[in-house]
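S.K.: The structure under discussion is supplied below as structure tokens; questions concerning it will follow.
The values are calculated or read from the model by the stated rules, or taken from the named source; none is laboratory data. Quantities reported herein were computed from a predicted structural model and do not represent experimental measurements. Virtual Cβ from ideal backbone geometry, glycine too; neighbours counted across all protein chains shown. The protein model used for the area step is the full one, side chains on, heavy atoms only, and it has no ligands, DNA or RNA in it. Shrake-Rupley method; radii C 1.70, N 1.55, O 1.52, S 1.80 Å.
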Amino acid sequence: TLSQMEKAGQRPDTPAAEILLFVDFDGATVRPGFANSTGQFSTIVNSIRTCPAPALNADQKNEVIRLLKDDYSPFNVRITTNQSDFDSYSPASNKELVIITTLPSVIGQPTGISGVAPFTNIGTRLPFDPSFVFSAAVGNDPVAVAATVSHETGHTMGLAHQHLYNG
């Protein structure tokens, strides 16, 4: 609440720190283990996994990015597809990563899912622990890919599922 924020010395009009979201369309090799700022380790995989690049053309990738920028426009989230932007971004704790690949089987996940992300608790961010989106599982449809990216990266940013709303 507003009064709790004021008691904690926080101003409600102070902008949140920027988060960099790296959308990796280039394929990746991911190793099991605790995440670090390289984005090459994941708590989801249980062995070294090679994630091939998705079968998306340049127009489809641009549409995914356009939709993501729209989804995240109310927030202080900068979206990039540039690996060097991710590698050099500081502070490292504000780096988020999604790997867009082909099918869930490439990381040892069952068929029938379009994405997966690590999650611990509501409000707990998991910086640089990659989430995964499986473009072939949604027919390489840019709208479905973007929606899945927004959903899965929401988990690494500390959001859970909510299906009930009140006034």
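S.K.: Ordering Ile44, Ile99 by how much accessible area each has at a 1.4 Å probe, largest first, what is the list?
M.R.: Ranking Ile44, Ile99 by accessible area, largest first, yields Ile44, Ile99.
S.K.: Which entry in [x] 36; [y] 31; [z] 24 is this structure's computed percent of Cα pairs over 25 Å apart?
M.R.: Among [x] 36; [y] 31; [z] 24, the one derived from this structure is [y].
S.K.: If you fit an axis through the alpha-carbon atoms of helix 58-71 and take the longest principal axis of the Cα set of the chain, what angle between them do you get, 0 to 90°, nearest 10?
M.R.: The angle comes out near 20 degrees.
S.K.: Karplus couplings for segment 103-108 from phi (6.51 cos²θ - 1.76 cosθ + 1.60, θ = phi - 60°), rounded to Hz, Gly and Pro as x?
M.R.: Computed from phi, the couplings for segment 103-108 are 10, x, 5, 5, 10, x Hz.
S.K.: With charges only on Cβ, +1 for K and R and -1 for D and E, what is the dipole size of segment 51-131 about its Cα centre, in debye, rounded to 20? All intermediate terms of the calculation are to be shown ahead of the outcome.
M.R.: Values: 6 positive and 8 negative charges, 17 e Å.
Result for segment 51-131 is approximately 80 debye, rounded to the nearest 20.
S.K.: For the chain, report the accessible area per residue in Å² (1.4 Å probe, heavy atoms, rounded to an integer).
M.R.: Details: 9020 Å² over 167 residues.
That works out to 54 Å² per residue.
S.K.: Only Lys, Arg, Asp and Glu count, each charged at its Cβ (+1, +1, -1, -1), so figure out the dipole size of segment 24-167 about its Cα centre, rounded to 20 debye.
M.R.: Numbers: 8 positive and 12 negative charges, 53 e Å.
So the magnitude is around 260 debye.
S.K.: Still on this structure: On a 0 to 90° scale, report how tilted helix 142-156 is relative to the longest principal axis of the chain, with both axes built from alpha carbons and the result rounded to the nearest 10.
M.R.: It is inclined by approximately 50 degrees.
S.K.: I've got another one for you. Determine which residues of segment 123-140 fall in the zone a paramagnetic label at Gln162 would reach in this model, i.e. backbone nitrogen under 15 Å from the point 7 Å along Cα→Cβ.
M.R.: 123-124
S.K.: Once phi is turned into ³J(HN,Hα) by the Karplus curve 6.51 cos²θ - 1.76 cosθ + 1.60 with θ = phi - 60°, what whole-Hz value does each residue of segment 17-32 show in order, with x for glycine and proline?
M.R.: Residue by residue, segment 17-32 yields 5, 5, 10, 9, 10, 8, 9, 9, 9, 8, x, 7, 10, 10, 10, x Hz.
S.K.: Something else: Quick one: if the Förster radius is 30 Å, what FRET efficiency do Arg66 and Thr124 give, using the C-beta to C-beta distance and rounding to 0.05? Could the numbers behind the result be given before it?
M.R.: Working: r = 29 Å, r/R0 = 0.98.
The computed FRET efficiency comes out at 0.55.
S.K.: According to the square roots a ≥ b ≥ c of the eigenvalues of the Cα gyration tensor, what is the shape class of segment 36-75, taking rounded for a/c under 1.5, prolate for a/b larger than b/c otherwise, and oblate for the remainder?
M.R.: Judged from the Cα gyration tensor, segment 36-75 comes out oblate (a/c at least 1.5, b/c at or above a/b).
S.K.: Rounded, prolate or oblate: which one fits segment 90-167, using the alpha carbon gyration tensor with axes a ≥ b ≥ c (rounded when a/c is under 1.5, else prolate when a/b beats b/c, else oblate)? Mind dumping the intermediate values first?
M.R.: Working: a/c = 1.86, a/b = 1.25, b/c = 1.49.
Oblate is the answer for segment 90-167, as a/c is 1.5 or above yet b/c matches or exceeds a/b.
S.K.: Largest first, what is the accessible-area ranking of Ser93, Ser131 with a 1.4 Å probe? Walk me through the numbers on the way to the answer.
M.R.: On the way: Ser93 60, Ser131 0 Å².
Most to least solvent-accessible, the answer reads Ser93, Ser131.
S.K.: Using a 1.4 Å probe on the protein chains only, how many percent of the accessible area of segment 59-167 belongs to carbon and sulfur? If you can, show how the numbers build up before the last one.
M.R.: Details: 2870 of 5480 Å².
Carbon and sulfur: 52 percent of the exposed surface of segment 59-167.
S.K.: Now, a different point. Of all beta bridges DSSP finds with both residues in the chain, what is the antiparallel percent, to the nearest 5? It would help to have the intermediate numbers written out before the result.
M.R.: Details: 5 of 20 bridges.
Restricted to the chain, the bridges split so that about 25 percent are antiparallel.
S.K.: I would also like to ask the following. Can you tell me the relative contact order of the chain? Whole percent, Cα pairs under 8 Å, sequence separation 6 or more. Before the final figure, lay out the partial values.
M.R.: On the way: 339 pairs, mean separation 42.9, N = 167.
It rounds to 26 percent for the chain.
S.K.: Now for a different question. Starting from the amide H of Phe119, placed 1.01 Å from N in the peptide plane, find each other amide H under 5 Å away whose residue is 5 or more places distant or on another chain.
M.R.: Here nothing satisfies the definition.
S.K.: Here's something else I'd like to know. Determine how large the accessible area of Asp85 is when every protein chain is in place; take a 1.4 Å probe and give Å² rounded to the nearest 10.
M.R.: Number for this one is 50 Å².
S.K.: Tell me the accessible surface of Lys69 in square angstrom (1.4 angstrom probe, heavy atoms of protein chains only), to the nearest ten.
M.R.: Surface open to solvent at Lys69 totals about 110 Å².
S.K.: From the backbone phi of segment 125-136, what are the Karplus-calculated ³J(HN,Hα) couplings (6.51 cos²θ - 1.76 cosθ + 1.60, θ = phi - 60°) in whole Hz, Gly and Pro given as x?
M.R.: Result, ordered by residue: 7, 10, x, 6, 8, x, 9, 10, 10, 10, 5, 5 Hz.
S.K.: Right, another one. Whats the longest run of the chain with zero chymotrypsin sites (Phe, Trp or Tyr not before Pro) that are DSSP loop and have at most 14 other Cβ atoms within 10 Å?
M.R.: The reported range is 76-164.
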